[in-house]
Amino acid sequence: MKIRNAALLLTLSCLGLAQAFASSNVQVKAEEDPTPNFDENFESYQIETRDSGTREDIGANWTNAWYQKTGDFDETGCAPDRFYVTSDPVNADNKVLKVDTASANESFFYLTIKGLYVKDFRLSFDLYQTAVNGWTGFNFRKPIDGRYNGVTNVMMVERAWSADSFGPQIYRSVNDSFMNVEMEGPEGGEALGWNAANFEEFTSALNTWHKVTIEAIGDVFSFSVNGKLLAKATIAKNTARNYGFVSLVSCVSAAYYDNIHLENLDETPFNPGGDTSEEHQPPTMENTSYEVELGKDAVVQVDLHGEAITSLKQAKNEVLNQYFTVDGNTLTLSSDYLSRLGAGRWTFVLTTQGGSVAFSISIVGPASSSSEAPVGSSSETPSEDKGNSGCGGEIIGSSLAAFAALSGVALLAFKRKKKE
């Protein structure tokens, strides 16, 4: 109610009604935060064991891509008994998340934060690691909700080399080419490990709680432990500068997690139209889900913003030029290629110099009678340089049923919460 009559306002004031009106229980709906923070301390969940529960409660804030069949070649994701909420190994009154991926078949575990699509942030979490040579951390700036080795992203992890030392590792995946990022320490030179040689405050690398902090601000990425900067890196590639999903990852590791807090540093949310101030704009799509009959071409509309396609991949498999054509902003995939894929839902990632966008094609019709895979496509992924990771799960495909595209994601409104 707006009061425009001065005499009436004076009368109300005299009667004391204006104050009463101002203090009434009229509720004003809070606006949704377009750049939300995220907090998770697992206290609202039920205590479970490895063999009990459905993990549906964890699905309230995290996607459930951990155990579904997530790949186009029928790969098996992480089994649900590999993660659950349990008691803190130090303080039994505290609830924490336990993830046990110490066996090869569950070596590519991830949980993606729901409703969060972010570029710049500061993320901290408490970590209690129990497995030597295991590594765990977060990957982010993912244009689709996929596994770290199947989508464009940046990943920062802690690798426990021994009971007395762990160190940071930073990776980027551009055009699905998985690469180690050269890091430097806080004063230049080599990145530091968390061990007695580098820090007087050192406590055991394993079987104790550490506070890990990851920062992604523009092109600069940093990794800190217990308030001590261990490593930083600069990645100027446009394909590493996406807004995107954020996921907890674990490879041949066993660890507990608690007090996950992401401070969203974006001043504005993702704009599907692209940032015209950038030299190169990422491709964008209004429609990211298509259906086509088996035996027919698929016609996909994508705004390339004048950029050339540098890569088109189905999962980790390159789609060769002979199987698609581009006419302006119209991409056509040939019926021959789609017939070789066969009926089902297939996810693609298209990359230009400006960035990446993902879309899916559902092929409707009988299963393909041909066992021949498209030329340039394979159900086998080249073996990863495992180093000392012991990361032994065979990767078969990487496009994901938990699909959400760069241009079509919806932002949920998390209220900003402050930890005590």
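The values are calculated or read from the model by the stated rules, or taken from the named source; none is laboratory data. Predicted model, so just to flag it, every value in this text is computed and none were measured. Heads up, the Cβs are rebuilt from the backbone with ideal geometry, glycines too, and the neighbour counts pull from every protein chain shown. Ligands, DNA and RNA are excluded from the accessible area calculation, which covers all protein heavy atoms including side chains. Shrake-Rupley method; radii C 1.70, N 1.55, O 1.52, S 1.80 Å.
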Tell me the label-point distance for the pair LYS114, ALA60, using the 7 Å Cα-to-Cβ offset, in nm and rounded to one decimal.
0.9
Kindly write out, for the stretch 191-204 in residue order, the coupling ³J(HN,Hα) from the Karplus curve 6.51 cos²θ - 1.76 cosθ + 1.60 (θ = phi - 60°), rounded to whole Hz, with x marking Gly and Pro.
5, 9, x, 8, 7, 5, 5, 9, 9, 5, 7, 4, 10, 3
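Just add up the charged neighbours of VAL326: K/R +1, D/E -1, any other residue whose Cβ is under 14 Å from the Cβ of VAL326.
Neighbourhood net charge equals -4.
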Which whole-Hz ³J(HN,Hα) couplings does the stretch 124-133 yield from phi under the Karplus relation 6.51 cos²θ - 1.76 cosθ + 1.60, θ = phi - 60°, glycine and proline marked x?
10, 7, 8, 10, 10, 9, 10, 10, 5, 6
Amide proton proximity set for LEU230, modelled H, under 5 Å, gap of 5+:
PHE223, SER224, VAL225
In whole angstrom, the spacing between the Cα centers of the stretch 288-361 and the stretch 209-258 equals 31
Using a 1.4 angstrom probe on heavy atoms only, work out the carbon and sulfur share of the accessible area of the stretch 176-331 in %.
44
Skipping prolines and chain starts, which residues have an amide H placed within reach, meaning under 5 Å, of the one on THR101, given they are 5 or more residues away or on another chain?
SER253, ALA254, ALA255
For the stretch 210-225, take each phi angle, set θ = phi - 60°, evaluate the Karplus expression 6.51 cos²θ - 1.76 cosθ + 1.60, and give the result in whole Hz per residue in order, putting x for glycine and proline.
10, 9, 9, 10, 10, 10, 10, 10, x, 8, 9, 10, 9, 9, 10, 10
Evaluate E = 1/(1 + (r/R0)^6) for GLU190 and LYS237, where r is the Cβ-Cβ distance and R0 equals 30 Å; express this FRET efficiency to the nearest 0.05.
0.85
Additional length obtainable on full extension of the chain from ASN287 to GLN46, 0.36 nm per residue less Cα span:
82.9 nm
